[in-house]
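Take a look at the structure set out below.
Where a number appears in this text, it was derived from the coordinates with a stated rule and is not lab data. What you see is a predicted model, and the numbers here were worked out from it, not measured in a lab. Here the Cβ positions follow ideal geometry from the backbone for every residue, glycine too, while neighbour counts run over all protein chains shown.
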Amino acid sequence: MEDVRPAKAAKVWRSMNCASTRDDSPACGDGWIAGVEASVEQLVFVREDEYTVARMSADGEPSFVASGRALAGAQPGETLRLAGEWDDHPRFGRRFAVTGCERIVPSTVRAIRLYLGSGLIRGIGPRLAQAIVEHFGAASLEVVDGSPERLREVVNIGPVRQAQIVAAWREQKAIAALMVTLQGFGVSPLLATKIYQVFGADSAEVLRSDPYRLVGRVRGVAFPTADRIALASGVPESSPQRVKAAILDRLETAAGRDGHCFLAMRALVTRAVELTEQDEDLVRAMVDALAGELLVVVEDGPAGPVVYAKGLHARETRLAAELGRLWRARSTLPMRRYEEDRALDDDQRAAVTMALTSTVSVLTGGPGSGKSHTVRVIAATVRAMGGSVTLAAPTGKAAKRLSELTGLPAMTIHRMLAHEPDPETLFDETPAAADLIVIDEASMLDLHLAVRLCSAVPSGSHLLLVGDRDQLPSIGPGSVLADLLRVEEIPRVSLARVYRQADGSGIVEAARRIRSGEPPYVPGGGGFWFEELDDPAAVADRVVHLATEAIPRKQGVDPGRVQVLCPMRRGATGTVELGRRLQERLNPPSPDKAEHWSGASVFRVGDRVMPIRNDYDKGVFNGETGTVTAVHAEDRAVEVRIDDGDLVSYGFDELDDLTHAYAVSVHRAQGSEYPFVVAPLVAESGGIMLRRRLLYTLVTRARSWVVLVGPRDALELAVQRLGHRRNTALAHRLAAVL
């Protein structure tokens, strides 16, 4: 790369450890250090640790590459003042290694045009930016900031567009100021936009007066980040505000990471003491002070006092009461004589009888055990008797799969609870008022969704929960299906016989062995393959090759039919790094493909993506997949075509609700099924996620083939480790009310 030294717009603003600012100064040598002003043309690469590579340009000078963590948060169009030094990278050549970065107001006409046309200011695209600069010249930003009414002098800017531009300008100014504040605290400037989305104009005041309010409300902000800001602002280490935040954080972390509804008092105090490095008596006193307001302390817990967040305690208590109401209610299902399906086995016939006679019941079984066929028979029987049926599942992908397997309409639980009758269903009432409600993939039900579901079901309706007890529990807190199976009064039927795949199927046999605690080495079993590799880097390389070349070539399928599933998020074999490599291989950058960087993720036309939250306004649901069809800089939005055909738009500030679907976690794959699955199994970071349920869930996501790659000891570790049991009291509460 051509060496770009300060000249004209790329001028020296500071020289550090250098006797002269001349290019040929012998005192500078190869470590020549200076500051340059330039505009960001393009983000080339952003890593999760915020290391950023950007292509920069200045008036009349060749473009150059700048890199470093100090560039974190830089956006195309911004003008930056950079401190650092030139070096030669062995792979990428000459570049400016950035050690300091300051955002400055663009001063040249070219820089202003680039800034306004970059998409940073919603409502202004390249053409309108050109028109504004042609009209106002170097004073364009002064007009936008101080005399915005003059913008109407420009063709195509009316009152609505002007108001939009002014609002976007003020938002960008506020976010830029937040970035400076956060950098002063040693905190990632990438959080500025997320903080502003939650607190708006109050963001600066929240940072100043109570940064602990960020915890739990701003995605990506945990206690250590808020604590760093607070302590730097002068908050005492022993302040009640700080200790309170630490206690709540430990409970929220236990719920979000481990699925616990409560923590033992001793464990909570110990964790809060470790987090704050404060005296145990101070922490206990704060727990007592918060009891009744934000916490619930139950003295007669399993092994002494336990502590709930108040909201989780209320939900668990409410769920037990609602299930008790449904269980005790007199059935309103119109009972008529029906013909038993002779094609069903004894267990399946027992399941039909159970669903027709019990207002709350559970049907379990492994892959291919006939659960879906049994549900189809149950639904047909209820309809033949004059009753109505709703089939639902926690995610859109699971609902779609349920519909495909049963041949009947199905919807997400969220849509069912939104009281939006689907014209394709065969009843007139709201879905939650059906005579029989069947919930598939019930292992995915967390406490929050389960209590909403049961509260909406009227007394007398039949609720049938269908799931696989050996799969992973829900992402959210609670263990609803497992807790119901611990209560003897709740009727249940378990299907054991395999129907969907022929006897001898490698996938079914591997799943059986995993469930029994045996390593899934299946000699000659078609559909399952374990490839032994020890080095994590080699494992990652092999997974990428299998997913993009080997399997598509051998099976004659498009790479899009091969899904990579990962136990971990981080590391060489985690979803982030593997997803990035797969994206580079399957949808590399190109001048004709628009793209937008959001944090460490780049969304590019052609990318496979997955919504990770339900959005009723958009009509998209967690677990669905789609393809990016357009990136609109002027509207600051990414357009996605969902696989069912719907076209939806995500604003740049909503991209946290999307993730790439090249490599997804096993948890996110629950409820889905893929023709071909490839997965790395390595014990990176202690193999904390390698558990029997995770391995079982992973293997059973494949329909035709699953290939596991990794060291033998990682596979055997996953089979042996059962994982922790979640702290819940739902089974105890149910036993008391039934």
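Brief remarks follow.
- Cα gyration tensor shape for segment 249-302, rounded if a/c is under 1.5, else prolate or oblate: oblate
- The S233 and Y51 beta-carbon pair, evaluated with R₀ = 30 Å, returns a calculated FRET efficiency of approximately 0.65.
- Modelled FRET efficiency - R0 45 Å, L344 with D643, Cβ distances, 0.05 increments: 0.85
- Nearest 10 degrees, 0 to 90: helix 265-276 Cα axis against the chain principal axis: 10 degrees
- Straight-line cross-link reach from K554 at under 17 Å between alpha-carbon atoms covers these aspartates and glutamates, not counting any fewer than eight positions away in the same chain: E531.
- Added length on full extension, which subtracts the Cα-Cα distance from 0.36 nm per residue, L738 to R712: 4.7 nm
- Where only C-alpha atoms are counted, convex hull volume of segment 53-134 per residue in Å³: 100 Å³
- Positive dipole terminus of the chain, leading residue within L402, A72, V269 (C-beta point charges): L402
- Measuring against 30 Å, Cα to Cα, the residue pairs K397/K593; K371/K618; K310/K400; K173/K397 contain K371/K618; K310/K400; K173/K397 as the ones spanning a longer distance.
- Neighbours of G73, meaning other residues whose beta-carbon lies under 11 angstrom from its beta-carbon, give a summed charge of 0 when Lys and Arg score +1 and Asp and Glu score -1.
- Principal-axis tilt of helix 346-357 within the chain, Cα atoms, nearest 10 degrees: 80 degrees
- The chain, Cα convex hull volume normalised per residue, Å³: 188 Å³
- Note on R81 and Q197: their simple-model spin labels are 3.1 nm apart, each label 7 Å out from Cα toward Cβ.
- Rounded to 10°, Cα long-axis angle of helix 310-328 versus longest principal axis of the chain: 30 degrees
- Förster radius 56 Å - calculated FRET efficiency between S209 and V44 (Cβ-Cβ, nearest 0.05): 0.90
- Qualifying GluC sites (Glu not before Pro) for segment 230-338 [loop in DSSP, other Cβ within 10 Å: at most 12]: E237, E277, E293, E299
- Helix-derived mean residue ellipticity, 222 nm - over the chain, DSSP H n ≥ 4, -39500 (n - 2.57), to 500: -10500 deg cm²/dmol
- Shape class for segment 464-572, computed from the alpha carbon gyration tensor (a ≥ b ≥ c): prolate, with a/c not under 1.5 and a/b above b/c.
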